[in-house]
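The values are calculated or read from the model by the stated rules, or taken from the named source; none is laboratory data. Quick caveat: nothing in here was measured; it's all calculated off a predicted structure. When we count neighbours, we look across all protein chains shown, and the Cβ atoms used for this are built from the backbone with ideal geometry, even at glycine. Ligands, DNA and RNA are stripped out before the accessible areas are found, and what is left, the full protein with its side chains, is counted by its heavy atoms. Shrake-Rupley method; radii C 1.70, N 1.55, O 1.52, S 1.80 Å.
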Amino acid sequence: MKYLFQFCIIMIFVALGELLEYLIPLPIAGSIYGLVLLFLALATGIVKLSWVADVADWFHSIMGLFFVAPAAAIINIWGDIKSVWWLLVLLLVITYLVSMITTGVTAQALIKDAEPATEENK
């Protein structure tokens, strides 16, 4: 029952995100709206982390499955991209590196801000 409750909370935010995508005329995916709403709810304490943690961990563990269909779809469009595949791979690598660096710098800044002030780190 606990997992069903956690799954329903996450799905509520997915549905709210899809609703916002429908209502707001911006080129932003509903999943992004849902993630932002869930983040804000977690950050403000409206939703407790313990309410979604187990199902979120499960989603994280099976995340690779969500990429199987897009990867298989490349077979269908290979004729269109075979001349520029190396540019696409380069773009993916650069995007990955920028994302990882940005995430790391942001996480370090947040951790530094969260540390209690002591004589050593003032």
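Quick notes
- Single condition Trp78 does not satisfy, out of (1) more than 30 Å from Met1 (Cβ to Cβ); (2) open to solvent by less than 80 Å² (accessible area, probe 1.4 Å); (3) not in a loop (DSSP other than H, G, I, E, B): (2)
- Annotation note: Cβ proximity below 9 Å between a residue of region 103-118 that is modelled with pLDDT under 90 and a residue that is open to solvent by less than 90 Å² (accessible area, probe 1.4 Å) (sequence gap 6+ or interchain) occurs for Lys112/Asn121; Glu115/Asn121.
- For region 52-75, the set of residues classified as open to solvent by 80 Å² or more (accessible area, probe 1.4 Å) and of a type outside the set (A, V, I, L, M, F, W, C) consists of Asp57, His60, Ser61, listed by residue number.
- Breaking point among (1) modelled with pLDDT of 95 or more; (2) open to solvent by less than 70 Å² (accessible area, probe 1.4 Å), for Leu90: (2)
- Selection within region 83-117 - among the aliphatic types (A, V, I, L, M), under 22 Å from Ala71 (Cα atoms) and more than 20 Å from the chain's Cα centre (by Cα): Val84, Leu87, Leu88, Val89, Leu90
- Index of the failed condition, Gly34 passing every other in (1) more than 17 Å from Ile10 (Cβ to Cβ); (2) outside any loop (DSSP other than H, G, I, E, B); (3) of a type in the set (Gly, Ala, Ser): (1)
- Every residue from region 30-51 that is surrounded by 12 or more Cβ atoms within 10 Å (Cβ to Cβ) and small (Gly, Ala, Ser): Gly30, Ser31, Gly34, Ala41
- Pairs where the first residue, in region 1-21, is in contact (Cβ under 8 Å) with a residue 24 or more places away in the chain and the second is small (Gly, Ala, Ser), C-beta under 8 Å, 6+ apart: Gln6/Ala53; Gln6/Ala56; Ile10/Ala56; Phe13/Gly34; Phe13/Ala41
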